[in-house]
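Chemist: Okay, handing you the structure first.
The values are calculated or read from the model by the stated rules, or taken from the named source; none is laboratory data. Predicted model, so just to flag it, every value in this text is computed and none were measured. Positions of Cβ are generated from backbone atoms using ideal geometry, with glycine treated the same way; all protein chains shown enter the neighbour counts. Each accessible area value is taken on the protein alone, full model and side chains, heavy atoms only, with ligands, DNA and RNA left out. Shrake-Rupley method; radii C 1.70, N 1.55, O 1.52, S 1.80 Å.
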Amino acid sequence: MNSMSLTTLERGKTTVDAAVLEALSAQLRGTLLQVGDAAYDEARTVWNATVDRRPGLIVCCVGASDVISAVNFARENRLLVSVRGGGHNIAGSAVCDGGLMIDLSAMKSVRVDVAARRAWVGPGATLVDVDRETQAFGLVVPTGINSTTGISGLTLGGGFGWITRKFGLTIDNLVSADVVTADGKLLRASQKDNPDLFWALRGGGGNFGVVTAFEFQLHQMGPQVLSGLVVHPFADAEKVLRDYRKALETAPDELTCWVVMRQAPPLPFLPTEWHGKEVLVLAMCYCGDIQAGENATQKLRAIGTPIADVVGPSPFTGWQQAFDPLLAPGARNYWKSHDLTGLSDGAIGATTAAITRLPGPECEIFFGHVGGVAGRVAADETAFPQRNSHFVMNVHARWREPAMDKACIDWARGIYEATKPYAAGTAYVNFMPEDEVDRVEAAYGGNYRRLLEIKQRYDPLNLFRMNQNLRPKESQRAA
């Protein structure tokens, strides 16, 4: 290796000698990549194609010792650091420009203890890795809705999906985590060990260190659930949404129903004349007894005059992958979101009006249905603060050509502003794009000050800043 110029924490440059780089490489069980290496471009490519950054070095870790070596190297040389798990984050924070990227994607192990109902999961695992292993034993941990999402980023930001209402957020099922902190120490975080760090990890994002292993509580569920789509003409959207809102008032915790508004993709069960036309989709999952699910979904399925109803029993692992084709990597993406304590007439009006102005065929708005068990946790029990939110609205602009950047981003921002009067004021940090740094304090609400204190204790240098960042005092003075 030759000497290299790398980006520092202050976004300046520092030169690292070849001998120092060789010493780092010799310490690793994994590999050290730089520009020009065969695996470099694949390692730096993430889900959101608007992110095209080039790290100076990539440490491809295969175990905690590699993470410790990478963190120590970065701290000793004051390098800009990013951490990649699944690479699915909308802000693209997994990849830095010119600094050191810590790549955990090879650390994909999932081990299940059936008797104890526990799973130990590596930080590079994706949701499909977790689901397949746990469902082989009829067990589950609540996660998200896209199987290619990484477990690390999802968990550290909170984690919600189809079974959150029954079993809580992903963080509500986290028992412990192994964490490499900024000083290069490997700590265990749990209710008993380093409880302040454990509190912060459950919603505080990647601000406090690099998690090298997660321990989750598992629940008995599946392998079959009642799930599927009910598709409505968009002309009926406002009435369908009001009826949907009413139907959810008595929904049991086992039932979750999300709304998606977009142009219809060419799904095989839709008549061809509806392909490419605006539709409203009710996507539902009942995670209990199938017959009980048939009864529980009746109110939702009786709404309006749908184009198609394809709700039925299916393997949970299959339902977890149902939206993957619409969320495949390679497209350009930009999100704007709000927490909503209710689905108000104002929010309904603003979002339905926006669907008539879609800038592209892949753009959509969805309402994620939460609450249930996740809403019965105190706001200060974990770093994740918004337990009163019954819905999470996400405006998902998605397109292919750079020439469409402005139109799609402006569309998303416009809806965000139009729906702000009906929002709770907090935000789900995993849905926040790179340009929302001014929203971090509001996102954490009453938990923000405590998070800052814990950040100050574990990462005063702000080594871990490629995230929705909590800036400690020393870092603020340096800036």
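Chemist: When you go through 233, 195, 252, 223 one by one, which is the residue that is more than 23 Å from the chain's Cα centre (by Cα), at pLDDT 95 or above and within 27 Å of residue 93 (Cα to Cα)?
Modeler: Exactly one residue qualifies, and that residue is 195.
Chemist: Test each condition in (1) assigned to a strand (DSSP E or B); (2) open to solvent by 10 Å² or more (accessible area, probe 1.4 Å) for residue 225 and report the one that comes out false.
Modeler: In the conditions (1) assigned to a strand (DSSP E or B); (2) open to solvent by 10 Å² or more (accessible area, probe 1.4 Å), residue 225 misses (2) alone.
Chemist: How about the stretch 224-246: which of its residues are of a type in the set (A, V, I, L, M, F, W, C) and out of contact with any strand residue (DSSP E or B) (no Cβ under 8 Å at 6 or more places or on another chain)?
Modeler: Selection gives 235 alone.
Residue by residue, here is whether (1) hydroxyl-bearing (Ser, Thr, Tyr); (2) farther than 16 Å from residue 434 by Cβ holds:
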{"residue": "9", "(1), (2)": "no, yes"}
{"residue": "14", "(1), (2)": "yes, yes"}
{"residue": "20", "(1), (2)": "no, yes"}
{"residue": "91", "(1), (2)": "no, no"}
{"residue": "98", "(1), (2)": "no, yes"}
{"residue": "102", "(1), (2)": "no, yes"}
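Chemist: Scan the stretch 20-50 residue by residue and report those that are touching a strand residue (DSSP E or B) at 6+ places or on another chain (Cβ under 9 Å) and under 23 Å from residue 149 (Cβ atoms).
Modeler: 30, 39, 43, 44, 46, 47, 48, 49, 50
Chemist: A further question on this structure: Out of the stretch 172-186, which residues are touching a Gly at 6+ places or on another chain (Cβ under 6 Å) and either buried (at least 22 other Cβ atoms within 10 Å of the Cβ) or in a strand (DSSP E or B) (or both)?
Modeler: Matches in the stretch 172-186: 179, 180.
Chemist: Does the stretch 29-46 hold any residues that are out of contact with any Phe, Trp or Tyr (no Cβ under 9 Å at 6 or more places or on another chain), under 18 Å from residue 97 (Cβ atoms) and either surrounded by fewer than 16 Cβ atoms within 10 Å (Cβ to Cβ) or of a type outside the set (A, V, I, L, M) (or both), and which are they?
Modeler: 35, 36, 37, 40, 41, 42, 44, 45 - these are the residues of the stretch 29-46 that are out of contact with any Phe, Trp or Tyr (no Cβ under 9 Å at 6 or more places or on another chain), under 18 Å from residue 97 (Cβ atoms) and either surrounded by fewer than 16 Cβ atoms within 10 Å (Cβ to Cβ) or of a type outside the set (A, V, I, L, M) (or both).
Chemist: What residue, among those in the stretch 453-479 that are modelled with pLDDT of 95 or more and surrounded by fewer than 20 Cβ atoms within 10 Å (Cβ to Cβ), is nearest to residue 158 (Cα to Cα)?
Modeler: Filtering first and then ranking leaves 469.
Chemist: What are the residues in the stretch 413-439 that are closer than 27 Å to residue 328 by Cβ, assigned to a helix (DSSP H, G or I) and of a type in the set (Ser, Thr, Tyr), if any?
Modeler: Residue satisfying the conditions is 416 alone.
Chemist: Restricting to strands (runs of 3 or more DSSP E) lying wholly in the stretch 325-412: which have 2 or more residues that are basic (Lys, Arg) and open to solvent by 10 Å² or more (accessible area, probe 1.4 Å)?
Modeler: 332-340
Chemist: For the subset of the stretch 232-251 comprising residues that are of a type outside the set (Gly, Ala, Ser) and surrounded by fewer than 16 Cβ atoms within 10 Å (Cβ to Cβ), which member is farthest from residue 276 (Cα to Cα)?
Modeler: Out of the qualifying residues, it is 250.
Chemist: Out of the residues in the stretch 23-52 that are outside any helix (DSSP H, G or I) and under 20 Å from the mean Cα position of the chain (by Cα), state the one that is farthest from residue 435 (Cα to Cα).
Modeler: Ranking the candidates gives 45 first.
Chemist: From (1) within 13 Å of residue 214 (Cα to Cα); (2) surrounded by fewer than 23 Cβ atoms within 10 Å (Cβ to Cβ); (3) of a type in the set (S, T, N, Q), pick out the condition that doesn't hold for residue 148.
Modeler: Residue 148 satisfies all of (1) within 13 Å of residue 214 (Cα to Cα); (2) surrounded by fewer than 23 Cβ atoms within 10 Å (Cβ to Cβ); (3) of a type in the set (S, T, N, Q) except (1).
Chemist: Out of curiosity, is residue 155 out of contact with any Pro (no Cβ under 7 Å at 6 or more places or on another chain), modelled with pLDDT of 95 or more, open to solvent by less than 20 Å² (accessible area, probe 1.4 Å) and part of a helix (DSSP H, G or I)?
Modeler: yes
Chemist: Any idea which residue in the stretch 276-295 is surrounded by the fewest Cβ atoms within 10 Å (Cβ to Cβ), counting only those that are touching a residue at least 40 places away in the same chain (Cβ under 8 Å) and among the charged types (D, E, K, R)?
Modeler: Taking the candidates together, the pick is 277.
Chemist: Shifting gears a bit: Could you run through the stretch 243-268 and say how many residues are among the β-branched types (Val, Ile, Thr) and outside any strand (DSSP E or B)?
Modeler: So the count comes out to 1.
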